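The values are calculated or read from the model by the stated rules, or taken from the named source; none is laboratory data. Values in this document were obtained by computation on a predicted structure and should not be read as measured data. Cβ placement follows ideal geometry from the backbone for every residue including glycine, while neighbour counts extend to all protein chains displayed.
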Number of protein chains: 2
Amino acid sequence: MLPTQCFHDVDQSATCCSFGPCAHEKPATIMDQVPRVTTRELRAKEHIFFEGDHKTHVYLVESGAVSIYKVLVDGSRQIIDFALPGDVIGLGSNSEHINSAQSTVATRLQRVSFDVLQRQAQKNPQLAMQLYAALSEELAAARDLLVTVGQRSASQRVVAFLLALSRRNRRYGKDPSDIVLPMTRSDIADFLGLTIETVSRTFSSLKSKGLIVLGRNAQVDLTDLEALERLCAEQ
Amino acid sequence: MLPTQCFHDVDQSATCCSFGPCAHEKPATIMDQVPRVTTRELRAKEHIFFEGDHKTHVYLVESGAVSIYKVLVDGSRQIIDFALPGDVIGLGSNSEHINSAQSTVATRLQRVSFDVLQRQAQKNPQLAMQLYAALSEELAAARDLLVTVGQRSASQRVVAFLLALSRRNRRYGKDPSDIVLPMTRSDIADFLGLTIETVSRTFSSLKSKGLIVLGRNAQVDLTDLEALERLCAEQ
DNA sequence: CGGTACTTTGATATTCATCAACTCCCGTGG
DNA sequence: CCACGGGAGTTGATGAATATCAAAGTACCG
């Protein structure tokens with residue numbers, strides 16, 4: 001097992017918020033098995049690749065954050081996943097990218113050649129199975145997000161999003177009630193299938209209820225995790 | 001490449017309806033590489049497995065239709081995919097199912113042992129890569145549905161759904177303007193993140209506009225494919 | 001400092017969910 | 001053969017949630 005662009009945790013049992021604990025600990029196993037790893041630095045809002053581009057590399061996020069998204073003809077955008085430090089971008093056997101990727105903040109990436117990775121996988125069944133497991137997690141994450149967007153109210157979606165970041169913090173040994181949002185309201189809105197205004201209003205509402213405190217620098221304090229969990233599950 | 005539960009087509013370029021042509025033709029390559037294939041017959045609305053169940057088999061849909069879904073604590077259901085004839089259910093490296101599966105109509109399945117398949121894949125890199133490609137398609141399908149549910153209006157979702165079935169027909173050499181819906185309005189609603197009533201009203205509205213004709217036996221005639229495509233893309 | 005991008009807040013409009021009643025279809029049993 | 005019953009589908013009336021439009025406020029970067 002190895003980390004993927006599993007931004008929100010994959011919940012096997014669909015309790016609560018459809019986000020749950022994600023069990024991968026080993027960081028970047030894939031990258032260790034392939035030679036010639038190079039790094040790339042990005043400022044905020046730089047593109048890594050576009051949908052339809054020929055797939056040249058697979059990337060590991062070292063720091064920062066990347067949005068994986070699709071755009072419709074009318075220009076509206078659905079962010080499919082946020083790739084955070086430790087997550088891998090660009091897996092899948094297609095020779096072309098099926099979505100676009102853009103840094104949401106300043107970001108540092110490691111990259112390996114897609115072809116080299118594919119060839120290694122052909123020779124090494126264990127690597128192939130690792131790739132398979134990684135993709136399997138991405139699939140679970142995409143489906144969890146689908147459940148959230150398809151079935152939950154605006155405030156439940158936002159809370160689910162915050163709790164997913166909280167759980168990620170816990171997984172990495174950081175404070176689960178003190179999270180950072182490395183993306184704009186607009187990014188969050190496009191991730192949750194809402195508008196900027198609705199996301200902003202929901203934050204304000206949670207703040208006025210004393211469930212969160214909005215700090216400087218995109219910092220958010222989750223002052224009542226239990227109440228948030230309840231909010232996310234209820235109805 | 002091999003077929004998966006890619007109900008709607010995977011559109012590489014996110015044109016129109018986020019559903020597009022899906023290029024797999026070889027049916028059931030996986031099943032041919034594993035011994036002891038058995039079959040199972042189901043009446044409508046029988047369960048194949050539940051979320052959390054130990055994964056014993058991987059299934060190929062021979063006839064009928066299967067809904068893959070998750071339920072939330074409040075009882076609401078999100079159908080994640082419809083598996084139709086030729087599609088495979090139960091892939092992924094988890095030892096437990098991460099969603100439930102239920103026939104929507106009378107259905108016949110082929111099944112192979114999950115463990116046997118895993119072991120074969122360990123030994124046979126080509127099979128492993130096939131599984132990888134299959135999962136890759138499932139992921140693309142889940143993401144396309146996410147885009148539809150997250151960004152489109154009720155009528156656009158319904159039309160996208162109809163057009164996906166139409167394209168599937170075309171791919172299998174059948175009439176793309178004469179489709180069958182092997183599921184209830186309730187299933188469609190839970191797939192598209194809508195209510196039964198909204199789905200029904202949308203069908204009625206499309207009918208009154210002369211874009212579709214509702215026939216007997218869940219048959220739907222798409223009398224103006226171009227107008228439907230336009231409806232799905234516009235705004 | 002000054003400008004730009006991002007965020008918040010308010011007023012209004014629209015879409016879709018909800019609640020409720022009714023119809024249709026099909027199978028079952030009297 | 002017809003009556004009954006239940007599941008599925010349709011249609012209408014209403015309300016709530018969220019999008020849209022508009023404007024002001026705030027932080028950040030040169």
What pairs come up if the first residue lies in segment A:215-235 and is at positive phi, the second is acidic (Asp, Glu), and their beta carbons are under 7 Å apart, counting only those six or more places apart or on different chains? A:235/B:74
Qualifying positions in segment B:94-112 - within 13 Å of chain A (Cβ to nearest Cβ), small (Gly, Ala, Ser) and surrounded by fewer than 19 Cβ atoms within 10 Å (Cβ to Cβ): B:95
Do the conditions hold for residue A:164, that is, is it among the small types (Gly, Ala, Ser), touching a residue at least 60 places away in the same chain (Cβ under 8 Å), away from every other protein chain (no Cβ under 14 Å) and more than 16 Å from DNA strand C (Cβ to nearest atom)? yes
Filter segment A:123-153 down to the residues that are more than 7 Å from chain B (Cβ to nearest Cβ), within 16 Å of DNA strand D (Cβ to nearest atom) and crowded, with 21+ Cβ neighbours inside 10 Å and list them by number. A:148, A:152
Can you name every residue in segment B:117-138 that is in contact with a Gly (Cβ under 7 Å, 6 or more places away or on another chain) and more than 12 Å from residue B:58 (Cβ to Cβ)? B:136
Quickly run through segment A:186-200 and pick out the residues that are within 16 Å of residue A:80 (Cα to Cα), crowded, with 17+ Cβ neighbours inside 10 Å and within 9 Å of DNA strand C (Cβ to nearest atom). A:187, A:188, A:189
Would you confirm whether or not segment A:51-62 contains a residue that is closer than 24 Å to residue A:188 by Cβ, assigned to a loop (DSSP other than H, G, I, E, B) and modelled with pLDDT of 95 or more? yes
If I filter segment B:57-78 for residues that are facing chain A (nearest Cβ under 8 Å), in contact with a Pro (Cβ under 7 Å, 6 or more places away or on another chain) and free of Cβ contacts under 8 Å to residues at least 24 places away in the same chain, do I get at least one hit? no
Hey, which of the helices (runs of 4 or more DSSP H) in segment B:162-235, taking only ones fully inside, have at least 1 residues that are near DNA strand D (Cβ under 8 Å from one of its atoms)? B:185-192, B:196-208
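Can you pull out every residue in segment A:173-200 that is on the phi < 0 side of the Ramachandran plot and free of Cβ contacts under 8 Å to residues at least 24 places away in the same chain?
A:174, A:175, A:185, A:186, A:189, A:195, A:196, A:197, A:200
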Matching option when the condition is touching a strand residue (DSSP E or B) at 6+ places or on another chain (Cβ under 7 Å) and more than 9 Å from chain B (Cβ to nearest Cβ), among A:87, A:115, A:81: A:87
